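Please treat every number below as a calculation from the coordinates, not as lab data. Keep in mind the model is a prediction, meaning the values are calculated, not measured. Here the Cβ is made from the backbone with ideal geometry for all residues, glycine too, and neighbour counts use every protein chain on show.
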Ligand SMILES: [Zn+2]
């Protein structure tokens, strides 16, 4: 049986796994049932499993085969808070305020499972030699799971890493992503009656406001591509009480880890200055971070070859109706996406609701940088890494939304998931069959690093939760 046949043969089981994880909808570092569901399936398929990683109870490493090369996939399976949603084209949560798979990580984890199982079959039948691994990587949404795994040295003996993310376009994800530092500033002041004796009070909220003002001035004087976003974490009190406690939560993003860390240092100085100005105390809580993503062109070319060797996905009338209905809930999104496809690839899709082509590699896109972050960034600094996107939603979509959660439980999402598994397994097969590609990928990786050793964005002793 070839890769496609293996995945087709087990597709019911893969869809069941994805639906179970969709139903569990567990958020970062709480994905116990989701991780176990994947491990149970992998165990049945004959993989050896290490699911006792004390620092990360919801992580695992599954392995089949022996010797070199070691080619790995990664699975994510965490949900997002508040995005509970039924498989319907209009907003209706399964449970109000509960978590939901608004980033499609139930599909992500299960497609990687499918890819690992398909490659295992090739090893089992003696068609290829080496080791296939599936890394169960928790809490992607918190951007720290893989960073901790890298710091623990768990990726050190891997030769190549392949992954994917559900998206709106079928393409190789050839664009770097941003590094991020996360920090919370906790201010402590002194309460007082805001009208009777405010001179006895020291307002922690004043400190947060001054910090935010200084951060907004800081924005102009940071390298291009650097962004700051924050939210304030203050208990709602009456205006006639001088607030004793207030906190702010910041993300500092930049194209490179060093830049994010340098701007982070300046932000910490702003936070301390705000405490000085308000006569309050500040506690700086570093909440983790991840590096920028370093794509590997050599492996990307294999993934592209694998992708175009596959048949495109076809959809039923019912599925097209679902896509049409859900598109209507996102006014303007369809037209904007269609226009973007024209700009990026010169393809006219103005009469299409969902991507039906495999996008060509683009020399322009790989020179840009995505302003969001992915914790695979740190893995990409250790091992040559490449990834794809496969359409699991229509062109009209918003990231981290109830619409994504709806697609992630729908057959449109499942079809994308199965296709992603097929492409990743085919890409990995090319690496197993010709290990000189891995040698070239490593050479390219060395060049990209420019002789600089990898530094973890996490301090020693960092605890992810
Ligand atoms: Zn995601």
Next item on the list: Would you please give the FRET efficiency between residue 229 and residue 188, computed as 1/(1 + (r/R0)^6) with r the Cβ-Cβ distance and R0 = 35 Å, to the nearest 0.05?
Entry: 0.90
Next item on the list: Compute the normalised compactness of the range 158-234: alpha-carbon radius of gyration over 2.2 N^0.38 Å, N being the residue count.
Entry: 1.85
Notebook entry, point to check: Expressed as a whole number of Å, what is the distance separating the alpha-carbon centroids of the range 82-113 and the range 1-38?
Noted result: 14 Å
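Treat the count of other C-beta atoms within 10 Å as a stand-in for reagent exposure and order 165, 221, 193 from fewest to most.
221, 193, 165
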Notebook entry, point to check: Hey, how many Å between the Cα centroid of the range 397-431 and the Cα centroid of the range 163-201?
Noted result: 29 Å
Check: Mind checking the angle between helix 105-124 and the chain's longest principal axis? C-alpha axes, 0 to 90 degrees, to the nearest 10.
Finding: 30 degrees
Next item on the list: Quote the FRET efficiency, to the nearest 0.05, computed for residue 276 versus residue 127 with a Förster distance R0 of 51 Å and r equal to the Cβ-Cβ distance.
Entry: 0.15
Check: For the chain, what does -39500 (n - 2.57) per DSSP helix run (n ≥ 4), summed and divided by total residues, give at 222 nm, in deg cm²/dmol to the nearest 500?
Finding: -12500 deg cm²/dmol
Next item on the list: For the range 75-200, report the translational diffusion coefficient in µm²/s to the nearest whole number, using Stokes-Einstein at 20 °C, 1.002 mPa s, and a Kirkwood Rh over Cα pairs.
Entry: 113 µm²/s
Next item on the list: Could you list the residues of the range 383-404 with an amide nitrogen less than 18 Å from a label point located 7 Å from the Cα of residue 86 in the Cα-to-C-beta direction?
Entry: 402-404
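Give me Rg over Rh for the chain, both radii from the alpha carbons and Rh done the Kirkwood way, two decimal places. Don't skip to the end; give the middle numbers.
On the way: Rg = 23.4 Å, Rh = 23.3 Å.
The Rg/Rh ratio comes out at 1.00.
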Check: By how many nm would the segment from residue 316 to residue 269 grow when fully extended, if each residue of separation counts as 0.36 nm and the alpha-carbon distance is taken off?
Finding: 11.2 nm
Check: Which length gain, in nm to one decimal place, applies between residue 309 and residue 356 when the Cα-Cα distance is subtracted from 0.36 nm times their residue separation?
Finding: 15.5 nm
Next item on the list: Starting from the Cα coordinates of the range 181-290, work out the convex hull volume and express it per residue in Å³.
Entry: 83 Å³
Notebook entry, point to check: Label residue 11 and residue 284 with points 7 Å out from Cα along Cα→Cβ: what is the distance between them in nm?
Noted result: 5.4 nm
Check: What ranking of 84, 380, 309 emerges when the number of other C-beta atoms within 10 Å of each C-beta is taken as an exposure proxy, fewest first?
Finding: 309, 84, 380
Next item on the list: Please work out the FRET efficiency for the pair residue 343 and residue 435, using the Cβ-Cβ distance as r and a Förster radius of 60 Å; give the result to the nearest 0.05.
Entry: 0.95
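What is the gain in length, in nm to one decimal, between residue 43 and residue 96 on full extension, counting 0.36 nm per residue of separation less the C-alpha to C-alpha distance?
15.6 nm
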Next item on the list: Please tell me the relative contact order of the range 75-118 in percent, rounded to the nearest whole number, where contacts are Cα pairs under 8 Å and at least six residues apart.
Entry: 45 percent
Notebook entry, point to check: Taking every DSSP beta bridge that has both residues in the chain, what percent is antiparallel when rounded to the nearest 5?
Noted result: 70 percent
Next item on the list: Please order 249, 199, 74 by the number of other Cβ within 10 Å, starting at the fewest.
Entry: 199, 249, 74
Check: How high is the relative contact order of the chain, in percent, counting Cα pairs under 8 Å that sit 6 or more residues apart?
Finding: 24 percent
